[in-house]
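The values are calculated or read from the model by the stated rules, or taken from the named source; none is laboratory data. Quick caveat, the model's predicted, so the values are computed rather than measured. Because the Cβ atoms are built from the backbone with ideal geometry, glycine has one as well, and the counts that use them run over all protein chains shown. Remember, those area values only see protein heavy atoms, side chains included, never the ligands or the DNA or RNA. Shrake-Rupley method; radii C 1.70, N 1.55, O 1.52, S 1.80 Å.
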Amino acid sequence: MTTSIRQRLTLLVLVSVALVWALALISSYRQAIHEAGEWDDARIEQVARTLALVDVNDLVALVNETSHVSDDDGDDDVSRRLLYEVRDLNGQLLAASPGLPGLPPTAAPSAPGKDAANSATAGVPEWNIHQLRDALHDRSVRVFERNDSRADLGAGVARRIARPLAFALPVLALVIWAAIGSSLAPLKILSRAIAARNVDNLETIDLQGTPAEVSPLVDALNVLLSRLHASLDRERAFTADAAHELKSPLAAIKVQAQVALTTRDPAKQRLAMQRVVEAVDRSTHLAEQLLLLARLDERIPAAAIDVHLDTVARECIAARGADALAKGLELSVAGDAYVTIEAPPAFVRIMLDNLVDNAIKYAEAGGRVEIVTRQTPEATLLLVRDNGRGVTEQDRMRLSDRFFRAADARQSGTGLGLSIVARIVDRLGGKLTYTTGIDGRGLGVEIRLPPSSRHNLP
Amino acid sequence: MRVLLVEDDELIASGVEEGLRDAGLTVDWAHDGREAMLALTTTEYELVVLDLGLPKLSGTELLDWLRGRRDDTPVLVMTARDTVADRVGGLTAGADDYLGKPFDLSELIARCRALLRRAHGRSTETIQYRDLIVEPSTFTVTQGGLRQPLTSRECAVLIELLTHQGTPLSRARIEENLYGWQEEVESNAVEVHISNLRKKLGPGIIKTIRGVGYVMEKAS
């Protein structure tokens with residue numbers, strides 16, 4: 001099957017038209033043949049009747065004269081030859097067309113006074129014989145008509161009907177071809193409009209007078225384009241932000257290294273070098289976070305296994321004992337034990353690490369950080385909260401944004417931690433909400449994960 | 001000369017502060033836009049070194065505010081966002097110079113000096129005053145071809161008086177230009193520096209105007 005709409009439509013329309021025409025042709029041919037046959041019979045009978053009446057002397061001349069019925073309408077009809085034989089009722093030949101095949105006279109007498117046009121074929125293959133017995137005038141007339149003359153008549157009629165159609169069909173094909181072509185023009189305009197675009201132009205397509213059949217396509221394209229546009233914008237903003245964020249620790253390294261190089265005070269030199277190391281650590285952490293985020297975005301499949309949330313929480317807290325002690329913080333795990341989720345273990349640990357790090361960072365000296373795990377039939381709940389300064393309602397909306405840092409953030413950070421958590425929660429099919437922390441203070445991060453069913457994450 | 005450094009990144013700020021101090025400038029460090037605003041309303045600075053990505057009040061907003069109150073203090077912007085569009089935007093908004101991160105500390109100091117020099121209407125770094133030649137960048141002072149050993153503080157006081165020739169400067173003003181927020185100032189520090197300068201460069205070089213302060217008369 002061809003893939004061109006134009007070819008297909010043209011072909012389909014032409015085939016249907018040809019089919020309808022063929023049916024019409026056949027039916028009119030039949031009709032014509034029938035009509036012509038009736039007309040022919042009437043004519044032959046009339047001729048026979050005339051021959052029955054004509055005087056014997058005239059009869060011979062008439063028969064000779066009319067044995068050729070010329071057809072002068074100019075077409076190529078086969079000559080409608082009729083031959084005659086006139087006898088009296090005793091079988092005595094009165095007159096006969098020349099070239100008449102020797103045929104035995106029909107003996108069967110017809111009822112006197114009754115005109116009978118007997119058009120039965122009388123055993124002679126090439127000729128149809130019409131017989132009229134006129135008892136009143138003592139005549140028996142036989143009219144011979146060539147067998148094939150009826151068929152010739154039919155063929156002629158058919159040709160006359162078919163001839164205009166033979167011309168009309170190619171003309172119709174051309175007209176249809178052109179009409180379909182012009183109807184498909186909007187598609188061509190659309191494809192030209194799309195082809196003329198470069199990669200940077202993702203504006204929506206605005207075509208004047210788009211037909212109803214094409215506008216869903218244009219609409220769908222526009223939806224896709226605007227989505228692409230938005231995602232490209234996000235990507236660009238992310239790259240710009242990432243470059244910006246990477247430059248800051250680099251600037252710190254350079255400045256501190258230059259201080260170390262120029263100062264003559266060994267204590268200052270040492271301090272500057274310590275700060276260089278600190279800045280390198282910071283950029284390493286940033287690079288790791290960026291890489292992690294990129295991996296999460298790539299959606300590389302990760303095998304999910306049963307993970308005890310509370311166990312991971314305890315490990316995570318144990319690893320931060322020193323930090324917590326230094327700040328005088330109380331870290332704890334509460335809630336149900338053996339809360340199990342199915343997830344890649346690395347995801348769970350990264351998620352908890354980021355949340356607890358944040359909580360420790362923003363908790364005030366002597367404050368509390370709490371991890372709560374809870375198992376309900378509908379969901380698994382993980383809550384990390386502190387009683388620090390908290391985050392304003394306004395800033396909470398943007399906490400998961402990449403590189404977002406609260407306006408009054410005094411702590412250094414990449415601004416990526418919570419966006420990483422949000423991506424992981426998204427991949428685990430969970431829901432992340434920000435609430436108030438402990439005793440109406442601080443920040444609480446609530447993660448609701450679907451009940452486990454063994455599966456590999458997309 | 002007192003400079004306000006506005007930068008939220010501790011690691012960058014501490015290095016810049018150190019570098020500018022080494023260059024003989026007095027540095028106050030503001031961590032965010034609000035703090036900088038407060039500092040600018042209470043203290044007179046000869047230069048602001050400004051980071052644009054600041055918490056609370058962005059550098060751009062601070063710059064708008066500063067220029068909005070017709071404050072002509074030179075502003076050097078340092079930022080990681082340093083595309084041509086960013087630079088043009090910053091300069092149009094009223095910055096006097098633009099430095100992209102990461103930058104060279106020596107370049108930052110040189111640009112700061114250039115801005116300070118231009119603010120005082122000088123086109124070269126070297127200050128000449130009668131038989132004195134002062135090189136602020138190296139803290140070298142020669143008098144009649146002879147190198148005079150001055151401490152950095154003494155040199156700073158001298159440069160301060162030289163840049164305001166003919167205008168008496170109060171003790172408090174000199175002190176302010178000599179010491180940052182965190183530095184302890186002894187009550188008679190300025191007097192000590194002035195007396196040392198007189199000892200080294202000649203008694204008549206700095207005049208005391210009682211009740212007003214100190215002045216170096218305009219070189220004729």
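Laid out as a table, the results:
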read-out: Burial of 30 Å² or greater, region A:249-292 residues [accessible area, probe 1.4 Å, versus chain by itself]; value: A:251, A:252, A:254, A:255, A:256, A:258, A:259, A:268, A:275, A:282
read-out: Cβ crowding within 10 Å averaged over residues, with B:197-205, A:251-259, B:29-37 ranked highest first; value: A:251-259, B:29-37, B:197-205
read-out: At 1.306 mPa s and 10 °C, Stokes diffusion of the protein assembly as shown via Kirkwood alpha-carbon radius, µm² per second; value: 44 µm²/s
read-out: Lys/Arg +1, Asp/Glu -1 at C-beta; the protein assembly as shown dipole; positive extreme among A:308, A:3, B:159; value: B:159
read-out: Chain A, accessible surface, carbon-and-sulfur percent (1.4 angstrom probe); value: 58 percent
read-out: Peptide B:28-37 - average C-beta neighbours from other chains (10 Å radius); value: 1
read-out: Simple label model, 7 Å out from Cα along Cβ direction - residue A:199 to residue B:41, nm; value: 5.1 nm
read-out: Charge dipole (debye, nearest 20) of the protein assembly as shown; +1 at Cβ of Lys and Arg, -1 at Cβ of Asp and Glu; value: 2360 debye
read-out: Residue B:131-residue B:212 FRET efficiency (beta carbon distance; Förster radius 25 Å; 0.05 resolution); value: 0.40
read-out: Label-to-label distance, nm, for residues given as residue A:90 and residue B:72 (7 Å Cα→Cβ offset); value: 15.7 nm
read-out: Pairwise burial A:B, computed as accessible area of each alone minus the pair, summed, 1.4 Å, Å²; value: 2000 Å²
read-out: Protein accessible area in region B:159-199, 1.4 Å probe - carbon and sulfur %; value: 46 percent
read-out: All lysines inside 23 Å of residue B:200 as judged from Cα atoms, apart from same-chain residues fewer than 8 positions distant; value: B:218
read-out: Average other protein chain Cβ within 10 Å of Cβ, residues B:49-61; value: 1
read-out: Per residue, in Å², the accessible surface of the protein assembly as shown once ligands and nucleic acids are set aside, probe 1.4 Å; value: 53 Å²
read-out: Semi-axis lengths (Å, descending) of the ellipsoid that matches the C-alpha gyration tensor of region A:228-307; value: 37, 19, 5
read-out: Centroid-to-centroid separation of region A:372-394 and region B:63-124 [C-alpha atoms, Å]; value: 46 Å
read-out: Over 27 Å between alpha carbons, listed pairs A:247/A:327; A:431/B:56; A:268/B:199; A:361/B:56; A:268/B:207; value: A:247/A:327; A:431/B:56; A:268/B:199; A:268/B:207
read-out: Peptide-level mean, for B:13-20, of C-beta atoms on other protein chains within 10 Å; value: 6
read-out: Pair residue A:178, residue A:6: separation of 7 Å Cα→Cβ label points (nm); value: 1.4 nm
read-out: Euclidean distance of C-alpha centroids, region B:138-161 and region B:23-46, integer Å; value: 26 Å
